[in-house]
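Throughout, read-outs are computed from the coordinates displayed, never taken from laboratory work. Given the structure is predicted, the values throughout are model-derived calculations rather than measurements. Reconstructed Cβ throughout: ideal geometry from the backbone, glycine too, with neighbour counts over all protein chains shown.
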Amino acid sequence: MVEKSYSAHPTAIIDDGCEIGAGTKIWHFTHIMPGCKIGNNCNIGQNVVVLPGVVLGRNVKVQNNVSIYTGVICEDDVFLGPSMVFTNVVNPRSAIIRKNEYKKTIVKKGASIGANATIVCGHDIGRYAFIGAGAVVTKNVPDYALVVGNPARQTGWMSEYGHKLVFNKKGEAVCPESGEKYWLKNNSVTKAE
């Protein structure tokens, strides 16, 4: 008998055909459906459902009451806040089957999505972007962008440590926690190497 390398609460349901990485923790009343790929060292909170074909990278944190629908891909180090929502069909109707119309949503490395935010399908979230609590995302979000509101609007830029960046006239900002330097050029942020 092969010992599993992840831990799951006894109330969690993990269907056959899932790939779950070492060190991952799956909490109460969570359902992991067939064909999911979950990386190492993830934390899947209480009352979460992960539908078939979802891919979660390494060190993804999924807080309580999140449904991750088919078509969603989360890269490494993504944070999904409590009760945030993904969709996967643009125009759902109960009486119309639209499983062949699922739209892909990619949440890129290091992005954070706040509590009760909604990500409308087909819109990607950039690297280290920060989606404020309750925001409704209806378009692509650039790397390092801070977006808030309904519909979500960009109000600034964030560091990889989650601090709002303040750029000087040269287009330079420094993260107050890490000391890392960032550049703003042509409405795009990059981290200095």
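Pick from segment 128-149 the residues that are in contact (Cβ under 8 Å) with a residue 24 or more places away in the chain and part of a loop (DSSP other than H, G, I, E, B): which of them is surrounded by the fewest Cβ atoms within 10 Å (Cβ to Cβ)?
Ala133
Do the conditions hold for Gly122, that is, is it assigned to a loop (DSSP other than H, G, I, E, B), of a type outside the set (A, V, I, L, M) and in contact (Cβ under 8 Å) with a residue 40 or more places away in the chain? Let's see the steps before the verdict.
Numbers: assigned to a loop (DSSP other than H, G, I, E, B): yes; of a type outside the set (A, V, I, L, M): yes; in contact (Cβ under 8 Å) with a residue 40 or more places away in the chain: no.
Considered against the rule, which asks whether it is assigned to a loop (DSSP other than H, G, I, E, B), of a type outside the set (A, V, I, L, M) and in contact (Cβ under 8 Å) with a residue 40 or more places away in the chain, Gly122 comes out as no.
For Ala12, which of the numbered conditions (1) surrounded by 16 or more Cβ atoms within 10 Å (Cβ to Cβ); (2) closer than 26 Å to His123 by Cβ fails to hold?
(2)
Filter segment 41-71 down to residues that are within 24 Å of Lys4 (Cβ to Cβ) and in contact with a Ser or Thr (Cβ under 6 Å, 6 or more places away or on another chain) and give me whichever is surrounded by the most Cβ atoms within 10 Å (Cβ to Cβ).
Top of the filtered list is Ile44.
In segment 34-59, which residue that is assigned to a loop (DSSP other than H, G, I, E, B) and under 17 Å from Lys104 (Cβ atoms) is farthest from the chain's Cα centre (by Cα)? Break it down into steps so the answer makes sense when it comes.
Taking segment 34-59 and keeping what is assigned to a loop (DSSP other than H, G, I, E, B), we get 34-36, 39-42, 45-48, 51-54, 57-59.
Of the ones still in play, those that are also under 17 Å from Lys104 (Cβ atoms) are 35-36, 51-54, 57.
Numbers: Gly35: 19, Cys36: 15, Leu51: 15, Pro52: 17, Gly53: 15, Val54: 12, Gly57: 10 Å.
Among those that are assigned to a loop (DSSP other than H, G, I, E, B) and under 17 Å from Lys104 (Cβ atoms), it is Gly35.
Could you please tell me which pairs satisfy a Cβ distance under 8 Å, a separation of 6+ or placement on different chains, a first residue in segment 157-178 that is in contact (Cβ under 8 Å) with a residue 24 or more places away in the chain, and a second residue that is surrounded by fewer than 16 Cβ atoms within 10 Å (Cβ to Cβ) and outside any loop (DSSP other than H, G, I, E, B)?
Trp157/Lys164; Met158/Lys164; Leu165/Gly156
If I ask for residues that are among the hydrophobic types (A, V, I, L, M, F, W, C), crowded, with 17+ Cβ neighbours inside 10 Å and part of a loop (DSSP other than H, G, I, E, B), which ones from segment 150-193 would you list?
Ala152, Leu165, Cys175
Are any residues in segment 72-81 buried (at least 17 other Cβ atoms within 10 Å of the Cβ) and part of a loop (DSSP other than H, G, I, E, B), and if so, which ones?
The first filter runs over segment 72-81 and keeps only residues buried (at least 17 other Cβ atoms within 10 Å of the Cβ), leaving 72-75, 77-81.
Scanning segment 72-81 gives Glu75, Asp77, Val78, Gly81.
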